[in-house]
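*Asks:* Structure incoming, see below.
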Amino acid sequence: MLFKKKKAPSFDQPQPSQPSFRQPPPPTTSSPSQGSQINQPKPLSSDQLQHLQQFIQHAYQAVTDYEYLYEKVPTEHTAHTIRGIIDDNKKHYQTLLHLYRKQANKDPEVTEAMLNRNAYTPALKKAFEQEQQYTHLFEEAARLSDNRQLRDIYTSIARDHQRHALWFLSYLTIYTNDKT
């Protein structure tokens, strides 16, 4: 085996005292049977859990790639934007990891992230292509999901990845145009 598998690491999580903007509203029904159904997420199939584990791996790899890219950025503005993209990917990772743990009652395995050793421009191009690929994967997963919670999470993550791709494309265009 080329890369080691390990228990999924956990990035820094928000403090419990901080309110989450994605918390579901409290149930409005007075019926106990309906109230418990609202709070219980629909169980995921083994295929859905497998896809979720793959998406966790993608988010983990993206954080590793973008932290390397962050070290090579030429301007403070670009660094600030890439730091925001890294933070978004850490949030995606945490969201997917939490959902997986809740549904599977275990930690997913992630493969050790491959280190990106490209120069700045090739790394930027790879980041753009990666974000486009992730956008497509999450849009497709959302479209095919019969689980509303998964569909909403995947749709939100796909939008973030599309926004990230636009940032990478703009920096790629600016950086390559400055070189000519």
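*Asks:* Count, please, the residues in the range 133-180 that happen to be in a loop (DSSP other than H, G, I, E, B) and over 30 Å from Tyr120 (Cβ atoms).
*Replies:* Adding up the residues that qualify gives 3.
*Asks:* If you go through the range 90-109 one residue at a time, how many are within 18 Å of Glu67 (Cα to Cα) and either in contact with a Phe, Trp or Tyr (Cβ under 7 Å, 6 or more places away or on another chain) or free of Cβ contacts under 8 Å to residues at least 40 places away in the same chain (or both)?
*Replies:* Going through the range 90-109 one residue at a time, the tally reaches 4.
*Asks:* Please list, ordered by first then second residue, the pairs with beta carbon atoms under 7 Å, 6 or more apart or interchain, first in the range 160-180 and more than 27 Å from Ala142 (Cα to Cα), second open to solvent by less than 100 Å² (accessible area, probe 1.4 Å) and at pLDDT 85 or above.
*Replies:* Short answer, once both residue conditions are applied: Tyr171/Thr78; Tyr171/Leu124; Leu172/Leu124; Leu172/Phe128; Tyr175/Thr121; Tyr175/Leu124; Thr176/Thr121.
*Asks:* Any chance the range 79-89 includes a residue that's open to solvent by less than 20 Å² (accessible area, probe 1.4 Å), in contact with a Pro (Cβ under 9 Å, 6 or more places away or on another chain) and either assigned to a helix (DSSP H, G or I) or without any contact (Cβ under 8 Å) to a residue 40 or more places away in the chain (or both)?
*Replies:* The answer is no; no qualifying residue exists.
*Asks:* Taking into account only those residues within the range 92-121 that are at pLDDT 90 or above and either acidic (Asp, Glu) or under 18 Å from Tyr134 (Cα atoms) (or both), which is surrounded by the most Cβ atoms within 10 Å (Cβ to Cβ)?
*Replies:* Here the answer is Leu96.
*Asks:* Can you tell me which residue is farthest from Gln53 (Cα to Cα) among those in the range 113-132 that are among the aliphatic types (A, V, I, L, M), out of contact with any Lys or Arg (no Cβ under 8 Å at 6 or more places or on another chain) and assigned to a helix (DSSP H, G or I)?
*Replies:* Leu124
*Asks:* Since Phe138 meets every condition but one in (1) open to solvent by 20 Å² or more (accessible area, probe 1.4 Å); (2) among the aromatic types (Phe, Trp, Tyr); (3) within 12 Å of the chain's Cα centre (by Cα), which condition does it not meet?
*Replies:* (1)
*Asks:* Follow-up. Please determine, by comparing only the residues of the range 154-180 that are of a type in the set (Val, Ile, Thr) and at pLDDT 95 or above, which one is farthest from the chain's Cα centre (by Cα).
*Replies:* Thr155
*Asks:* Determine whether Glu131 is of a type in the set (D, E, K, R), touching a His at 6+ places or on another chain (Cβ under 6 Å) and under 30 Å from Thr176 (Cα atoms).
*Replies:* yes
*Asks:* Residues that are free of Cβ contacts under 8 Å to residues at least 60 places away in the same chain, open to solvent by less than 70 Å² (accessible area, probe 1.4 Å), closer than 19 Å to Glu131 by Cα and more than 19 Å from the chain's Cα centre (by Cα): does the range 50-66 have at least one?
*Replies:* no
The values are calculated or read from the model by the stated rules, or taken from the named source; none is laboratory data. All figures in this text were calculated on a predicted structure; none of them were measured in a lab. Reconstructed Cβ throughout: ideal geometry from the backbone, glycine too, with neighbour counts over all protein chains shown. Note: areas computed on protein heavy atoms with side chains; ligands, DNA, RNA excluded. Shrake-Rupley method; radii C 1.70, N 1.55, O 1.52, S 1.80 Å.
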